[in-house]
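Colleague: Before I ask anything, here is the structure I am working with.
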Amino acid sequence: MTKFYDFIISGAGLSGVLAAHLLKNLGLSYYIFDKSSEACVDFRTSAISCESVRFFETLGLWQMMESFAVPINDIYTFQEKSGSFLHFEGDNAALDFSMSYVVPNLVLQDVLYKGIDINYGCAYKNVCHSHDRVRVDFPDKVIEGRYMLVAEGRYSNTAGLLGFKMIRSSYRQSCIICNLRSTGREHSNVAVELFLEGGPFALLPLRKGTEFSLIWTVKFPFGDTLAKIDEKEFLAEVQKISDIEFEKILTPRMVYPIVLNFCMNPRKGPVMLIGDSAHGIHPVAGQGFNLAIYDLKDLHDVLNKYGLDNFDELADAYLKRRKRSALAMVAFTHFLVKSFSCASPSLRAARSFVLDVIESSTRLKRFFMERAAGKGL
């Protein structure tokens with residue numbers, strides 16, 4: 001027997017389960033499945049912007065994670081071998097919002113997976129669609145829906161099967177991520193990012209004052225080397241850059257290759273790509289998951305205002321807005337990575353000049369702080 005739903009969601013990562021929450025909030029039926037046998041344990045952290053927090057509040061989710069969220073009160077950005085820097089003050093009297101919060105992905109998983117019936121271990125045999133219906137054939141059943149949201153990450157099998165055209169490019173970098181505890185130095189709710197020739201090096205504040213989340217981008221194949229050396233050697237490498245003495249690695253060191261993934265047309269009939277399936281960006285700005293949240297926030301707004309029956313004629317406008325927002329973030333992060341990875345003294349001087357100009361301009365700093373908070377995205 002074929003079962004019919006308003007939406008089918010492929011992929012039960014954070015983006016997929018958040019999509020299920022928004023549909024549940026609107027009283028729409030959904031079927032969410034994942035080929036994995038269970039949810040993976042994710043030791044990473046996410047920087048959750050002000051606008052993302054507001055969407056979590058709309059869905060009644062924020063109060064369940066707020067006590068674990070660490071506000072970022074200040075952000076310092078430095079350039080290697082330069083005295084120039086940027087200081088974004090979260091307590092700026094001219095601002096009426098917080099920039100962002102650091103939330104462990106384990107907390108996000110714990111909150112988002114509650115109340116959502118996920119069908120694990122479901123590998124489909126085929127997916128097909130007409131102009132107004134999607135059909136997914138599993139070995140033991142058939143599911144149909146009015147729409148399908150593909151939230152499978154950067155390497156989406158469904159996007160490939162259905163012929164979505166991707167722009168994909170390797171940065172020839174990898175990102176190593178783990179949590180650290182210092183010997184006593186406290187973070188004071190300050191986030192720090194240092195632009196090195198090999199890639200950005202960032203430390204984010206965690207719940208305990210002496211604990212930090214490290215997001216370190218390096219050139220191939222140095223990431224694998226950093227993941228394999230012993231704890232003492234690794235902490236010594238981190239101390240060389242941060243000038244902070246660390247005593248322990250708190251979570252497993254995870255290494256990910258950094259690949260740009262972007263779909264210029266994330267819709268084929270009733271099938272739409274969301275999150276990293278549509279736009280996987282460089283982690284330099286910490287906006288990857290926020291972009292997925294903005295996709296879903298806008299989807300919620302459209303469905304809430306106009307209803308499901310009117311969604312088809314509004315879907316293209318919705319996706320056009322989302323593509324414009326994502327493309328702007330892709331361009332911004334790509335520019336940052338490419339411009340700061342060049343060791344030319346003349347370019348370093350030019351970058352220092354730009355940093356000095358932004359640091360001295362209240363208007364420019366506010367613009368960048370608003371974007372970090374998700375305003376206008």
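The values are calculated or read from the model by the stated rules, or taken from the named source; none is laboratory data. Predicted model only: the values in this text are computed from it and were never measured. All Cβ positions, glycine included, derive from the backbone under ideal geometry; neighbour counts span all protein chains shown.
Colleague: Does Phe164 satisfy the condition of being under 24 Å from Phe311 (Cα atoms) and modelled with pLDDT of 95 or more? Can you show your working first?
Modeller: On the way: under 24 Å from Phe311 (Cα atoms): yes; modelled with pLDDT of 95 or more: yes.
Judged against the criteria, Phe164 is a match.
Colleague: To continue, here is another question. Looking at (1) in a strand (DSSP E or B); (2) of a type in the set (Val, Ile, Thr); (3) outside the structural domain of Ala285 (by TED's automatic domain parsing), can you tell me which one Val107 breaks?
Modeller: Exception for Val107: condition (1).
Colleague: Search region 37-59 for residues that are without any contact (Cβ under 8 Å) to a residue 12 or more places away in the chain and pair each with any residue that is among the basic types (Lys, Arg) and in a helix (DSSP H, G or I) when their beta-carbon atoms are under 7 Å apart and the residues are at least 6 apart or on different chains.
Modeller: The qualifying pairs do not exist here.
Colleague: Does region 342-364 contain any residue that is surrounded by 15 or more Cβ atoms within 10 Å (Cβ to Cβ), modelled with pLDDT of 85 or more and either touching a Cys at 6+ places or on another chain (Cβ under 6 Å) or at negative phi (or both)?
Modeller: Checking region 342-364: not a single residue is surrounded by 15 or more Cβ atoms within 10 Å (Cβ to Cβ), modelled with pLDDT of 85 or more and either touching a Cys at 6+ places or on another chain (Cβ under 6 Å) or at negative phi (or both).
Colleague: I would also like to ask the following. Just checking, does region 164-180 include any residue being in contact (Cβ under 8 Å) with a residue 24 or more places away in the chain, over 23 Å from Asp224 (Cβ atoms) and either in a loop (DSSP other than H, G, I, E, B) or acidic (Asp, Glu) (or both)?
Modeller: Looking only at region 164-180, we keep the residues that are in contact (Cβ under 8 Å) with a residue 24 or more places away in the chain, and these are 164-180.
Pick out the ones that are also over 23 Å from Asp224 (Cβ atoms) and you get 164-167.
Next, from what is left, pick out any that are either in a loop (DSSP other than H, G, I, E, B) or acidic (Asp, Glu) (or both): 164-165.
Yes; the residues of region 164-180 include at least one that is in contact (Cβ under 8 Å) with a residue 24 or more places away in the chain, over 23 Å from Asp224 (Cβ atoms) and either in a loop (DSSP other than H, G, I, E, B) or acidic (Asp, Glu) (or both).
Colleague: In region 243-253, what residues are under 24 Å from the mean Cα position of the chain (by Cα) and either polar (S, T, N, Q) or surrounded by 13 or more Cβ atoms within 10 Å (Cβ to Cβ) (or both)? Give the steps one after another, and end with the answer.
Modeller: First, pick out the residues of region 243-253 that are under 24 Å from the mean Cα position of the chain (by Cα): 249-253.
Correct list: Ile249, Leu250, Thr251, Arg253.
Colleague: Ok, one more. Hey, could you check region 216-238 for residues that are within 16 Å of Glu80 (Cβ to Cβ), assigned to a helix (DSSP H, G or I) and at pLDDT 95 or above and say which is nearest to the chain's Cα centre (by Cα)?
Modeller: Taking region 216-238 as the starting set, the residues that turn out to be within 16 Å of Glu80 (Cβ to Cβ) are 216-219, 222, 237-238.
Cutting the leftovers down to assigned to a helix (DSSP H, G or I) gives us 222, 237-238.
This time we only want the ones that are at pLDDT 95 or above, so: 237-238.
Numbers: Glu237: 26, Val238: 24 Å.
It comes out as Val238.
Colleague: Follow-up question, since we're still on this one. Pairs needed: first member in region 63-87, within 12 Å of His187 (Cα to Cα); second member anywhere, of a type in the set (Lys, Arg); C-beta distance under 9 Å; at least 6 residues apart or different chains.
Modeller: Val70/Arg207
Colleague: I've got another one for you. Look at Val255 and say whether it is hydrophobic (A, V, I, L, M, F, W, C) and part of a strand (DSSP E or B). Outline the logic, then answer.
Modeller: Details: hydrophobic (A, V, I, L, M, F, W, C): yes; part of a strand (DSSP E or B): yes.
Yes, satisfied.
Colleague: Restricting attention to strands (runs of 3 or more DSSP E) lying wholly within region 1-82, give those where 1 or more residues are within 17 Å of the chain's Cα centre (by Cα) and surrounded by 20 or more Cβ atoms within 10 Å (Cβ to Cβ).
Modeller: Numbers: elements: 2-10, 30-34, 45-49, 74-79.
So the answer is 45-49.
Colleague: Of all the residues that make up region 120-173, how many are hydroxyl-bearing (Ser, Thr, Tyr), farther than 30 Å from Leu260 by Cβ and either outside the structural domain of Asp312 (by TED's automatic domain parsing) or in contact with a Phe, Trp or Tyr (Cβ under 8 Å, 6 or more places away or on another chain) (or both)? So that I can check it myself, show each step before the final result.
Modeller: In the first step, residues of region 120-173 are kept if they are hydroxyl-bearing (Ser, Thr, Tyr); the result is 120, 124, 130, 147, 155-156, 158, 169-171.
Checking the rest, the ones that are also farther than 30 Å from Leu260 by Cβ come to 130.
If we keep only those that are either outside the structural domain of Asp312 (by TED's automatic domain parsing) or in contact with a Phe, Trp or Tyr (Cβ under 8 Å, 6 or more places away or on another chain) (or both) too, we end up with none.
Result for region 120-173: 0.
Colleague: Here's another thing I want to ask about it. Quick check on region 270-309: of everything there that is part of a helix (DSSP H, G or I) and in contact with a Ser or Thr (Cβ under 6 Å, 6 or more places away or on another chain), which residue is farthest from Tyr256 (Cα to Cα)?
Modeller: Here is the first cut: in region 270-309, the ones part of a helix (DSSP H, G or I) are 275-277, 283-285, 288-306, 308-309.
Remaining after also requiring in contact with a Ser or Thr (Cβ under 6 Å, 6 or more places away or on another chain): 275, 277, 284-285, 289-290, 292-293.
Working: Gly275: 17, Ser277: 16, Val284: 13, Ala285: 16, Phe289: 15, Asn290: 19, Ala292: 19, Ile293: 21 Å.
This residue is Ile293.
Colleague: A further question follows. For region 201-238, which residues satisfy the criterion of being free of Cβ contacts under 8 Å to residues at least 12 places away in the same chain and either hydrophobic (A, V, I, L, M, F, W, C) or surrounded by 14 or more Cβ atoms within 10 Å (Cβ to Cβ) (or both)?
Modeller: Listed by number, the residues that qualify are Thr225, Ile229, Ala236, Glu237.
Colleague: Quick check on Ala315: is it farther than 25 Å from Leu204 by Cα, in a helix (DSSP H, G or I), free of Cβ contacts under 8 Å to residues at least 24 places away in the same chain and among the aliphatic types (A, V, I, L, M)?
Modeller: Numbers: farther than 25 Å from Leu204 by Cα: yes; in a helix (DSSP H, G or I): yes; free of Cβ contacts under 8 Å to residues at least 24 places away in the same chain: no; among the aliphatic types (A, V, I, L, M): yes.
No; evaluated as a whole, the condition is false for this residue.
Colleague: Of the residues Ile241, Ile249, only one is hydrophobic (A, V, I, L, M, F, W, C), closer than 21 Å to Tyr76 by Cβ and modelled with pLDDT of 95 or more; which? Reasoning before the result, please.
Modeller: Working: Ile249 fails: closer than 21 Å to Tyr76 by Cβ.
Going through Ile241, Ile249 in turn, just one is hydrophobic (A, V, I, L, M, F, W, C), closer than 21 Å to Tyr76 by Cβ and modelled with pLDDT of 95 or more: Ile241.
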